[in-house]
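To start, the structure itself, in structure tokens.
None of the figures in this text is laboratory data; all of them are computed from the coordinates on show. Source: prediction; values computed, not measured. Here the Cβ positions follow ideal geometry from the backbone for every residue, glycine too, while neighbour counts run over all protein chains shown.
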Amino acid sequence: MHVDPLERIWMIISVAVLGVFFAALVAGAVVFDVRLPGPVARVDPLDLGNTEFAEPGLRNMGNGEYTAHFIAQMWAFTPTEIEVPVGSHVTFIVTSRDVTHGFLIERHNINFMVIPGQISRQSVTFNEEGVFYIYCNEFCGTQHHVMQGRVIVTGESAIVEEEPVLDEVALVTGE
Ligand code: CUA
């Protein structure tokens with residue numbers, strides 16, 4: 001079969017480009033740990049008071065593990081902010097009470113859609129002190145641009161401060 005040389009070159013380029021795209025996909029998943037989060041469970045958005053979202057907020061699971069339940073609703077997150085010590089591994093569990101929102105934490109690998117009726121869940125470790133904003137990145141109405149929350153990651157000093165309190169309790173109960 002005769003293939004024109006120019007045609008052959010373009011065939012090789014086409015296959016090479018596909019190969020580069022596939023390599024980028026594999027590198028993203030394996031090297032950079034990029035994952036597409038999917039819905040993990042369903043929930044009745046009109047009855048959140050009788051679900052695990054009845055009391056949204058941070059829960060300390062011990063050993064540096066936390067869960068953080070968030071409810072997205074036009075145009076705020078509940079809770080507005082959470083505070084964890086540096087090094088914490090936090091699992092975000094989020095749902096919406098009304099329309100589709102987004103949930104993105106700046107400079108961390110957290111970015112998913114929040115869909116009414118579904119629960120989104122994703123975990124990340126906070127290795128750096130600072131204040132990191134949570135943004136809604138799905139257009140959800142006229143005040144979409146102000147819909148944000150915060151993760152405050154405190155330094156080791158915050159953990160040290162807690163220890164004397166625990167010692168006092170131990171002393172009191174020890175007597
Ligand atoms: Cu919520 Cu945009």
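One decimal place: the segment Glu65-Thr78 gains 2.7 nm when fully extended, by the rule 0.36 nm per residue minus the C-alpha distance. A Gaussian network model of the chain, with springs between Cα atoms under 10 Å, assigns the largest mean-square fluctuation among Ala23, Ala68, Ala54 to Ala23.
Rounded to the nearest 10 degrees, the angle from helix 5-30 to the longest Cα principal axis of the chain is 10 degrees. Taken about its Cα centre, the chain carries a charge dipole of about 1020 debye when Lys and Arg each add +1 at the Cβ and Asp and Glu each add -1 at the Cβ.
In terms of other Cβ atoms within 10 Å, Glu128, Glu81 run from fewest to most in the order Glu128, Glu81. In this label model, Thr142 and Val3 are separated by 6.1 nm, measuring between points 7 Å along each Cα→Cβ vector. When you work out D = kT/(6 pi eta Rh) for segment 1-60 at 37 °C and 0.692 mPa s, using the Kirkwood radius from C-alpha pairs as Rh and the Stokes-Einstein form, the result is 196 µm²/s.
Comparing Gly19, Gly141, Gly149 in a Gaussian network model of the chain where C-alpha atoms under 10 Å apart are linked, the largest mean-square fluctuation is found at Gly19. Estimated from the Cβ-Cβ distance and a Förster radius of 25 angstrom, the FRET efficiency linking Val31 and Thr91 is about 0.60.
For segment 29-102, just say rounded, prolate or oblate: build the C-alpha gyration tensor, square-root its eigenvalues into a ≥ b ≥ c, call rounded for a/c under 1.5, and beyond that prolate if a/b exceeds b/c, oblate if not. It is oblate, given that a/c is not under 1.5 and a/b is not larger than b/c.
Rounded if a/c is under 1.5, else prolate if a/b is larger than b/c, else oblate: which is segment 88-145, with a ≥ b ≥ c the root eigenvalues of its Cα gyration tensor? It is oblate, given that a/c is not under 1.5 and a/b is not larger than b/c. Could you work out which residue, out of Val146, Val20, Val124, moves most in a Gaussian network model of the chain, that is, has the largest mean-square fluctuation with Cα springs under 10 Å? The residue with the greatest mean-square fluctuation here is Val20. Mean 1/r over all different Cα pairs, inverted: what Kirkwood radius does segment 1-132 give, in Å? Answer for segment 1-132: a Kirkwood hydrodynamic radius of 17.5 Å. In the chain, once you exclude exposed chymotrypsin sites (Phe, Trp or Tyr not before Pro) (DSSP loop, at most 14 other Cβ within 10 angstrom), what's the longest stretch remaining? Longest run free of exposed loop sites: 33-138.
222 nm [θ] for the chain, helices only, -39500 (n - 2.57) per DSSP H run of 4+, per residue, to 500? Write out the running numbers ahead of the final one.
On the way: 2 runs with 45 residues, N = 175.
Mean residue ellipticity at 222 nm (helix-derived): -9000 deg cm²/dmol.
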